[in-house]
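Undergrad: Take a look at the following structure, please.
The values are calculated or read from the model by the stated rules, or taken from the named source; none is laboratory data. It should be emphasised that the depicted structure is a prediction, and the values quoted were computed from it without experimental measurement. Cβ: placed from backbone, ideal geometry, glycine included. Neighbour counts: every protein chain shown. Accessible surface is based on the protein model in full, side chains and every heavy atom, while ligands, DNA and RNA are left aside. Shrake-Rupley method; radii C 1.70, N 1.55, O 1.52, S 1.80 Å.
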Amino acid sequence: MAGVGRQKDRMSGFRSFMDVALMEARAAGARGEVPVGAVVVSPLGVVVARAGNRTRELCDPTAHAEVLAIRAACLLVGSERLAGHDLYVTLEPCPICAGAISAARIARLYYGAADVKSGGVAQGARVFSHPQCHHVPEVYGGIGALEAEAVLKDFFSARR
């Protein structure tokens, strides 16, 4: 139970950057991409990188918001590791993105909507639960979930 107090202490000064991730998601949707946005935040609370899905635009199945934001942040800090950094993403990361999050040594993952179909964190593959996973971030799901779900539902309902 000792960890619970630390988690509450950490969350008491919590400032969410999910609004920035949601802006990236909406921009991705406006480009015709699945509306997912991601933001990497430094240990000092500064947005280091932000991205939305670009799989269609770049003809790249790995051009997910999380991967693009992590790549940009790594370039900016000059390292393949982002120790101490947080990642905010509007949708539960898929297994590919969960692997990238682990490889980058992201400290904390905050995600909005659960992804029952393709999630890789709390659903499906549960990448961070595997013994082969070298780094497991702290994970906080459901941050801004209702708004993130609405963005996705609006996008897909407009296409049906």
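Undergrad: For segment 95-107, does any single residue satisfy the condition of being open to solvent by 40 Å² or more (accessible area, probe 1.4 Å), within 23 Å of Ala125 (Cα to Cα) and either of a type in the set (S, T, N, Q) or not in a helix (DSSP H, G or I) (or both)?
TA: Step one: of segment 95-107, the residues open to solvent by 40 Å² or more (accessible area, probe 1.4 Å) are 95-96, 103, 105.
Pick out the ones that are also within 23 Å of Ala125 (Cα to Cα) and you get 95-96, 103, 105.
Now restrict to residues that are either of a type in the set (S, T, N, Q) or not in a helix (DSSP H, G or I) (or both): 105.
Yes, segment 95-107 has at least one match.
Undergrad: Considering every residue within segment 55-72, establish whether at least one is open to solvent by 20 Å² or more (accessible area, probe 1.4 Å) and in contact with a Cys (Cβ under 8 Å, 6 or more places away or on another chain).
TA: yes
Undergrad: Within segment 76-91, identify whether any single residue is surrounded by fewer than 22 Cβ atoms within 10 Å (Cβ to Cβ) and part of a helix (DSSP H, G or I), and answer yes or no.
TA: Yes, segment 76-91 contains at least one residue that is surrounded by fewer than 22 Cβ atoms within 10 Å (Cβ to Cβ) and part of a helix (DSSP H, G or I).
Undergrad: Then there is this: Which one of Leu58, Leu68, Leu76, Leu44 is within 18 Å of Met18 (Cα to Cα) and over 16 Å from the mean Cα position of the chain (by Cα)? Can you show your working first?
TA: Working: Leu58 fails: within 18 Å of Met18 (Cα to Cα); Leu68 fails: over 16 Å from the mean Cα position of the chain (by Cα); Leu76 fails: within 18 Å of Met18 (Cα to Cα).
Leu44 is the lone residue from the list that is within 18 Å of Met18 (Cα to Cα) and over 16 Å from the mean Cα position of the chain (by Cα).
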